1. Tell me, which helices (runs of 4 or more DSSP H) lie completely within the stretch 35-147 with 1 or more residues that are within 22 Å of the chain's Cα centre (by Cα) and more than 24 Å from His276 (Cα to Cα)?
2. Please verify whether the stretch 82-90 includes one or more residues that are in contact with a Lys or Arg (Cβ under 8 Å, 6 or more places away or on another chain) and surrounded by fewer than 24 Cβ atoms within 10 Å (Cβ to Cβ).
3. Kindly evaluate Ala267 against the criterion of being open to solvent by less than 30 Å² (accessible area, probe 1.4 Å), among the aliphatic types (A, V, I, L, M) and either within 26 Å of Ser123 (Cα to Cα) or more than 22 Å from the chain's Cα centre (by Cα) (or both).
4. Looking at Ile119, Ile58 in this structure, which one is in contact with a Cys (Cβ under 8 Å, 6 or more places away or on another chain) and not polar (S, T, N, Q)?
5. Under 8 Å between Cβ atoms, which residue pairs at least 6 apart in sequence (or on different chains) link something in the stretch 183-197 that is in contact (Cβ under 8 Å) with a residue 40 or more places away in the chain with a partner that is open to solvent by less than 10 Å² (accessible area, probe 1.4 Å) and among the aromatic types (Phe, Trp, Tyr)?
6. Name every residue in the stretch 312-325 that is crowded, with 18+ Cβ neighbours inside 10 Å and either free of Cβ contacts under 8 Å to residues at least 24 places away in the same chain or over 27 Å from Leu41 (Cβ atoms) (or both), in order of residue number.
7. For Leu149, which of the numbered conditions (1) touching a strand residue (DSSP E or B) at 6+ places or on another chain (Cβ under 6 Å); (2) open to solvent by less than 50 Å² (accessible area, probe 1.4 Å) fails to hold?
Amino acid sequence: MNAYLLLANGMVFAGQSVGAEGVTVGEVVFATGMVGFQETLTDPSYYGQIITQTYPLIGNYGMNKDDMESDKIWARGYIVREACQTPSNWRCEETLDSFLKKNNTIGIEGIDTRHLTRIIRESGVMNGAILTTFDPADPANKAETDKLLEEIRAYAVTDAVKSVTCAEPEVYNEKGETHIVLMHYGCKRNIVRCLVKRGCKVTVMPAFATAEEVAALDPDGIMLSNGPGDPAEPVEVIENLKHIFELNIPTFGICLGHQLSALAAGAKTMKLKYGHRGANQPVTDFESGRTFITSQNHGYAVVGDELPAEMGEVAQVNANDGTCEGIKYKKWNCFTVQFHPEANGGPKDTEFLFDRFLNNVKAAKKEAR
């Protein structure tokens, strides 16, 4: 079946359908990973977005139940150069096409993803739609196309955190020695895995849980997860964080958790032209002088210069564009990073940050005795 990608600027790409049929509208972004396509699709951070994979062959090792980062696909659509129909891997359980169909996700293959990526790189993140219902390049469909373009141009990602967080607390590794509360702003399962394998009991809490609810659990440490959307939108979460930090419990924030913490501290965030997405973002750490290759997925960044000096200081920056990648707080027992140290399908060079966090937790427990 034919499928089409219609961008907000009116440009049309023609290809073939992969996954479900119909029409889907979203924010078109690109991801540079050569592997980890299942982790990308099931990462709640991609809520509201149509993902373009820059690597040309996707699905070549298939899909399986173990590589899920959440229970379903959160992306609104999927764009690939070629969707492999004959995957080869001993862990493979199904093809990309069947996985998309099962999750009712509309995709397109066979278009020039290099050309599309260059358009996004030059013009910035752009809204678009994938459709199988009609050809938007055909003059006979002008009325339908114009109506769809109106919808595309009006689209915005809203209520993102509210849409992806859990409804009730969830507990993992009940007998773990160190109790960590993980605030679910759209967290990936591998954050839980990284904590559990270090002997932690993990209580995953809904994004809008209050400081009182967190304190009642008597945690040893708090983690603030990744997640989607404009970090300035969930104002209730930001206000809750101000009170959570006053508990003086060691805290570690990742991605959206990093941005929300900065906003709670009085800093500002800005929307990036095309975001940082993929498995090869270089981050320079000031303390060690090293540059790490990291996995990232975010369209906003903390404005480091806006962080009040008495609250904290920028600890890492992106080596490409100099944007803030990490903050070490002075007022709070907290550090945060923009990138993903738990990355599955990406480099794990910075997974040691979990150990740094747990060392802070142990030090705080020792001091409290």
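1. Working: elements: 37-41, 96-102, 113-123.
Because the criterion is at least 1 residues that are within 22 Å of the chain's Cα centre (by Cα) and more than 24 Å from His276 (Cα to Cα), the helices (runs of 4 or more DSSP H) in the stretch 35-147 that meet it are 96-102.
2. Looking through the stretch 82-90, none of the residues is in contact with a Lys or Arg (Cβ under 8 Å, 6 or more places away or on another chain) and surrounded by fewer than 24 Cβ atoms within 10 Å (Cβ to Cβ).
3. Criteria not met by Ala267.
4. Values: Ile119 fails: in contact with a Cys (Cβ under 8 Å, 6 or more places away or on another chain).
Criteria check complete, one pass: Ile58.
5. From residues that are in contact (Cβ under 8 Å) with a residue 40 or more places away in the chain, the pairs are Cys194/Phe354; Leu195/Phe354.
6. Passing the criteria: Gly312, Val314, Ala315, Gln316, Val317, Cys324.
7. Only one criterion in (1) touching a strand residue (DSSP E or B) at 6+ places or on another chain (Cβ under 6 Å); (2) open to solvent by less than 50 Å² (accessible area, probe 1.4 Å) is unmet by Leu149, namely (1).
To keep it simple, each residue is scored yes or no on (1) open to solvent by less than 30 Å² (accessible area, probe 1.4 Å); (2) free of Cβ contacts under 8 Å to residues at least 24 places away in the same chain; (3) within 19 Å of Ile180 (Cα to Cα).
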{"site": "Ile327", "(1), (2), (3)": "yes, no, no"}
{"site": "Thr336", "(1), (2), (3)": "yes, no, yes"}
{"site": "Pro347", "(1), (2), (3)": "yes, no, no"}
{"site": "Phe354", "(1), (2), (3)": "yes, no, yes"}
{"site": "Glu367", "(1), (2), (3)": "no, yes, yes"}
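The values are calculated or read from the model by the stated rules, or taken from the named source; none is laboratory data. Owing to the predicted nature of the structure, the values given are computational and were not obtained by experimental measurement. Reconstructed Cβ throughout: ideal geometry from the backbone, glycine too, with neighbour counts over all protein chains shown. Protein only, heavy atoms only, side chains kept; ligands, DNA and RNA dropped before computing areas. Shrake-Rupley method; radii C 1.70, N 1.55, O 1.52, S 1.80 Å.
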